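The values are calculated or read from the model by the stated rules, or taken from the named source; none is laboratory data. Keep in mind the model is a prediction, meaning the values are calculated, not measured. Ideal geometry is used to build each Cβ from the backbone, glycine not excepted, and the neighbour counts take in all protein chains shown. SASA here: full protein model, heavy atoms, side chains in, ligands and nucleic acids out. Shrake-Rupley method; radii C 1.70, N 1.55, O 1.52, S 1.80 Å.
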Amino acid sequence: MSGSNMSGMEQARRVSGAALAAVTLAAGGALAADCPVAADLSTGIAAEYADGGRVEYRDAGEGRIAIFEPDSDGSSSGLVFLSRAGLYDLVVARRQNGVNDPERSLTLVYSEPEEDLPNPEPGGAWLGTVDTVFPGGAIDTDTAVYVFGSASDREIGGCRYATLAVKASFIGPVDWVAQDFIYFTDIGIAVPTARRVAGAERPSGRALARLIRLPR
């Protein structure tokens with residue numbers, strides 16, 4: 001998730017709007033029986049956007065999440081990420097026809113061990129550095145700033161979720177990128193909602209329509 005150089009692999013992951021539902025349950029819980037929960041990460045959860053895009057999340061074990069952002073609906077090509085919570089990306093790769101391309105794969109190394117990177121908590125923050133290691137061995141270093149905002153219950157796609165607003169900024173020697181996420185506290189995933197890069201007049205964003213379970 002380095003802010004400065006993706007060498008043609010710009011991260012499209014990254015917005016929020018929702019459909020309100022008529023059904024109600026206790027705050028912080030799902031509104032309907034078919035709303036995804038953390039256990040569904042074993043088979044997969046997809047975040048679907050109003051523009052038709054989607055990002056898929058699956059449990060990768062050891063506190064990690066495997067993320068796939070297909071180029072288009074049903075495509076086996078796109079970007080893949082190995083991440084902690086969808087916030088701290090560890091590996092980013094290009095997948096072509098279902099196969100990851102080692103020549104278009106980046107490794108990200110943080111200034112703290114990955115297991116010590118903080119879970120989002122209201123009012124918290126993390127400041128450190130992240131090294132982006134390219135296939136040829138070149139390294140770019142960015143300053144990383146994560147700010148965890150206030151907690152809230154949101155109704156999205158007919159379900160109510162406990163959420164937390166997160167902003168992550170990556171500042172390099174010559175440019176920067178800032179990204180907004182909705183972190184789903186009870187599920188443990190962060191869904192990108194907006195992105196702003198140095199020189200842009202305004203952020204780019206996508207409206208999140210719903211979360212769905214992926215078929216087994």
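Using the Cα gyration tensor of segment 93-183, with a ≥ b ≥ c the square roots of its eigenvalues, what is the shape: rounded (a/c below 1.5), prolate (a/b larger than b/c) or oblate (neither)? Oblate, because a/c is 1.5 or more while a/b does not exceed b/c. Near Asp186: Cβ cut-off under 15 Å, other residues only, Lys/Arg at +1 and Asp/Glu at -1. The net charge is -2. Rolling a 1.4 Å probe over the protein heavy atoms of segment 57-216, with every protein chain left in place, gives an accessible area that is 50 percent carbon and sulfur. A probe of 1.4 angstrom, applied to the heavy atoms of all protein chains, finds Thr129 with accessible area near 50 square angstrom.
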